[in-house]
1. Where residues in region A:38-51 are surrounded by 15 or more Cβ atoms within 10 Å (Cβ to Cβ) and assigned to a loop (DSSP other than H, G, I, E, B), which of them is modelled with the lowest pLDDT?
2. Considering only residues that are of a type in the set (A, V, I, L, M, F, W, C) and away from every other protein chain (no Cβ under 11 Å), look in region B:227-250 and name the one that is farthest from B:R88 (Cα to Cα).
3. Which number in (1) over 30 Å from B:I59 (Cα atoms); (2) out of contact with any Leu (no Cβ under 8 Å at 6 or more places or on another chain); (3) facing another protein chain (nearest Cβ under 8 Å); (4) crowded, with 16+ Cβ neighbours inside 10 Å marks the one condition that A:C107 misses?
4. Could you tell me how many of the residues in region A:166-188 are more than 11 Å from chain B (Cβ to nearest Cβ) and modelled with pLDDT of 85 or more?
5. Applying the selection to region B:187-226, what residues are surrounded by fewer than 18 Cβ atoms within 10 Å (Cβ to Cβ) and away from every other protein chain (no Cβ under 11 Å)?
6. Tally the residues that are buried (at least 17 other Cβ atoms within 10 Å of the Cβ), in a helix (DSSP H, G or I) and within 8 Å of another protein chain (Cβ to nearest Cβ), restricting the search to region B:126-141.
7. Could you identify the single residue in B:S291, B:S281 that is touching a strand residue (DSSP E or B) at 6+ places or on another chain (Cβ under 9 Å), part of a helix (DSSP H, G or I) and at pLDDT 90 or above?
8. Here are some conditions: (1) more than 7 Å from chain B (Cβ to nearest Cβ); (2) within 22 Å of the chain's Cα centre (by Cα). A:L146 meets all but one. Which one does it not meet?
Amino acid sequence: MKRKISFEDKAVTALSYIFMLMLAAVIVIPVLNLMAKAVSSSTAVTSGKVTVFPIGFQLDTLKSVIVSEKFTSAAGNSVFVTLIGTLIALFVNALTAYPLSKKNLSCMKAIMMIFVFTMLFSGGLIPTYLLIKNLGLYNKRWALILPTAINVYNMLIIKNYYESIPDSIEESVKIDGAGNFMIFIKFMLPLSKPVLATICLFTMVAYWNDYFSALMYIDKPALKTLQLYMSEVILEAQQDVDTATLDDLMNISGESVRCATIIAATVPIVIIYPFLQKYFIKGIMIGSVKG
Amino acid sequence: MAHIVEKKSKKIKTTGKFIKDFKLNYDLYLLLIPGLALLIIFKYVPMYGVSIAFQDFNIFKGISGSEWVGMDNFIRLFHSEEFYKIFRNTLVISIYKIVFSFPIPILIAIMLNEMKKIAVKRVVQTVIYLPHFLSWVIVGGIFTTILSTNGLINGIIMDLGGESIPFMMSNRWFRSILIISDIWKGCGWGAIVYIAAIAGIDQELYEAAEIDGAGKIRQILHITLPGLSSTIVLMLILKLGYIMVEGQEQVLMMYNPTVYETGDIITTYVYRIGMGKMDYSFSSAVGLLNSVISLVLVWGGNFLSGKLVGKSIW
């Protein structure tokens, strides 16, 4: 016999729906506000009338942002860093995790500690900056790729996954005389597809969103990444409120340019994100808790 | 005596085992080289470079040529009032973040669990996870836009008859803005761990509770929350471990000189002094102190979580 649904139960359910829908609204509205501002006329934007619906719809600001050379060059740099960086980082982390997953080999635990220690302690900002300069990587895109290529946290997630693969599979291959590197390429990598897909996505997002490395190691305009370029647009707009009147004359307000830049950089993420969502969630389940 | 012999033979055994392991699996050890090389160059060399914290570093002379000054930079640090200000800001902002933003993902997970309409639930989940994937540059841009004097929030305030508030310039508001934007960006994503933990709770417990006549609230208090407790402890300890280094990009994107008083934290200060004023040695000293405190916190946190809930990061 099922208990009658009480008032309390209904109230809890109703409150949950109300609260969660409100939260979703609070998250969506600021984004919609920026979208609306990006496609509204600049007079409407500067007057502060635009809420979540565009006023005086126009796409000129957005177009001018996207075709501007600074934006395309920055986007190109970000794509380069993200693609090459992800390839290198994924390979290195997957490769390093493989020998480290062989716990009974001597010295592996000690080597493991060498890796783990870097999660605890870092030399810090300035020593790293001086190193990049000394290596001649300053103002090179490699400075945005290599220092973060080995990510111990991601590497540990991959290592844990390898450990869950039964040894018997490897041993049967070993009898056929395959070397460890071939086993890694031909068996471990394909068998670890789920975890590698997740780490691949984590790494891509990290490279794409990385702003601080570019701020530290890049000042050549042609090498700026999208995040760095965007931060300059945003911080500039924050400072020169005085020039707003001048911009008004040119019919493009600083604010609508800023909004258009943010939206132009956000929309690609918003579009691909739902497709990637399930991998991310799987990944956080794999990585969050180590028994 | 017997003990010593045993120890000795054990030592021979381990070196012997290493040689044997290495001969059999030398290619496995070789696979470590790329990872180790990157690690040593980009993580361990800067640890050696931190010695400039004890020097009066001159970029033309390098580490080997610069003059050693012992603890001078640290003495200067402890005598500077600015340091206490940023140290306090770092702690206060991090602790506020833990107090206010830590419980929200737990609440979200519990409420999502009460939503039985799959379609609605899915839409809500998709929306609330999204901000996690936006960079702090974008989130900073969004918040400076909606909080500007002619922005969305001030529009609402003025429609309600209030006076517009220069949020981003206000020391009264800046910390709240940091915490709110932190919640905005991370609360949905933070809930995933708890959603997974709730999924792992035995459903029979709820059925039994229902037969005993327990309502939803009591089920949440006596089944869901206890089921989440070990995850909560683990997440809390992890958070505590990172209080000194958290929030750098966020603050860099959102602050300006008018709110240094309440918003400047150690990591942004290190950046400003080091890169802006080129005071490499002093900046490294601040950074080193911060790294040491973090080391103790992270290590201690991991140790604690291992002891308390039997889970740890490594």
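1. Keep residues of region A:38-51 that are surrounded by 15 or more Cβ atoms within 10 Å (Cβ to Cβ), which gives A:38-42, A:44-46, A:48, A:50-51.
Filter once more, so that each one left must be assigned to a loop (DSSP other than H, G, I, E, B): A:39-41, A:48, A:50-51.
Numbers: A:V39: 92, A:S40: 90, A:S41: 87, A:G48: 79, A:V50: 87, A:T51: 88.
The extreme case among them is A:G48.
2. In the first step, residues of region B:227-250 are kept if they are of a type in the set (A, V, I, L, M, F, W, C); the result is B:228, B:232-238, B:240, B:243-245.
The next check asks that each one be away from every other protein chain (no Cβ under 11 Å); those that pass are B:228, B:232-233, B:236-237, B:240, B:243-244.
Numbers: B:L228: 32, B:I232: 26, B:V233: 25, B:L236: 21, B:I237: 20, B:L240: 15, B:I243: 12, B:M244: 11 Å.
So, considering only residues that are of a type in the set (A, V, I, L, M, F, W, C) and away from every other protein chain (no Cβ under 11 Å), the one farthest from B:R88 (Cα to Cα) is B:L228.
3. Going through the list (1) over 30 Å from B:I59 (Cα atoms); (2) out of contact with any Leu (no Cβ under 8 Å at 6 or more places or on another chain); (3) facing another protein chain (nearest Cβ under 8 Å); (4) crowded, with 16+ Cβ neighbours inside 10 Å, A:C107 breaks only (4).
4. 2
5. Of everything in region B:187-226, those that are surrounded by fewer than 18 Cβ atoms within 10 Å (Cβ to Cβ) and away from every other protein chain (no Cβ under 11 Å) turn out to be B:I201, B:D202, B:Q203, B:E204, B:L205, B:Y206, B:A208, B:L221, B:H222, B:L225, B:P226.
6. 11
7. Result of the check over B:S291, B:S281: B:S281.
8. (1)
The values are calculated or read from the model by the stated rules, or taken from the named source; none is laboratory data. Bear in mind that the values here come from a model prediction, so they are computed numbers and not experimental data. Cβ atoms come from the backbone with ideal geometry, glycine included; neighbour counts cover every protein chain shown.
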